[in-house]
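The values are calculated or read from the model by the stated rules, or taken from the named source; none is laboratory data. Model, not experiment: these values are computed from the prediction. Cβ placement follows ideal geometry from the backbone for every residue including glycine, while neighbour counts extend to all protein chains displayed. For accessibility, only protein heavy atoms count, side chains too; no ligands or nucleic acids. Shrake-Rupley method; radii C 1.70, N 1.55, O 1.52, S 1.80 Å.
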Amino acid sequence: MPAGPCRLSIAVFFLVSALGLGGCSSLLHEGTADLAGVGGAAAATAVTDNALVATGIGLGVRSVASAGLQYGERKVHQAEQDRIAAAAGPLAVGQVARWDIAHDVPIEADEQGQVTVSRLIGAPPLACKEIVFSVEDGKDKAFYVAVICQNGESWKWASAEPATERWGSLQ
């Protein structure tokens with residue numbers, strides 16, 4: 001096996017292994033980008049001897065890998081938001097329900113907490129609720145406020161905040 005494809009295989013192995021590190025967000029981000037860059041450079045070296053072209057290919061692969069990871073994180077966050085909205089949707093003001101999520105792809109930790117409706121907003125067909133939810137991590141709890149709105153038979157996340165603090169810039 002030539003050296004280029006072998007290096008690429010090793011980089012892909014480490015990239016896939018890094019996906020199992022849910023909760024290690026900074027390591028996952030940097031590791032994905034770095035390993036993709038190394039893998040892209042290894043593949044580029046097998047294709048060309050031009051250092052500038054090889055560097056461009058490596059950077060391109062790194063950018064694609066970072067964008068792919070961000071897309072995956074957005075999908076994970078959307079799934080969590082959908083679970084919280086689904087738990088809060090049928091509640092009346094003041095009622096409390098539990099929510100939890102077990103992520104299919106472990107790029108984030110599985111989480112759980114409680115949710116309550118603090119007030120109703122709007123009116124049909126724009127029925128919305130302000131919710132307060134907790135995220136429980138063992139003995140610690142963090143609390144957030146959000147808005148959900150009814151979309152047909154289901155309830156969907158409707159607010160940008162606290163997503164910036166809670167989920168970073170990746171809603």
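Could you calculate the contour length gain from residue 132 to residue 74, that is, 0.36 nm times the residue separation minus the distance between their Cα atoms, to one decimal place in nm?
On the way: separation 58, 0.36 × 58 = 20.88 nm, distance 2.12 nm.
Taking residue 132 through residue 74 to full extension adds about 18.8 nm, to one decimal.
Once amide H atoms are built 1.01 Å from N in the peptide plane, which residues 5 or more positions from residue 121, or in another chain, come under 5 Å H to H?
Close amide H contacts, sequence-distant or interchain: 128, 129, 130.
Calculate, for residue 141 and residue 49, the FRET efficiency according to 1/(1 + (r/R0)^6) with r their C-beta to C-beta distance and R0 45 Å; round to the nearest 0.05.
My answer for the efficiency is 0.20.
Please give, to one decimal in nm, the separation of the simple spin-label points placed at residue 66 and residue 102, each 7 Å out from Cα toward the Cβ.
Inter-label distance under the simple model: 3.5 nm.
Modelled label-to-label distance, residue 153 and residue 118, 7 Å Cα→beta-carbon offset: nm?
That separation, rounded to one decimal, is 3.1 nm.
With all protein chains present, how much of the accessible area of region 64-115 (probe radius 1.4 Å) comes from carbon and sulfur, to the nearest whole percent? Numbers along the way, then the final one.
Values: 1370 of 2610 Å².
The value for region 64-115 is 52 percent carbon and sulfur by accessible area.
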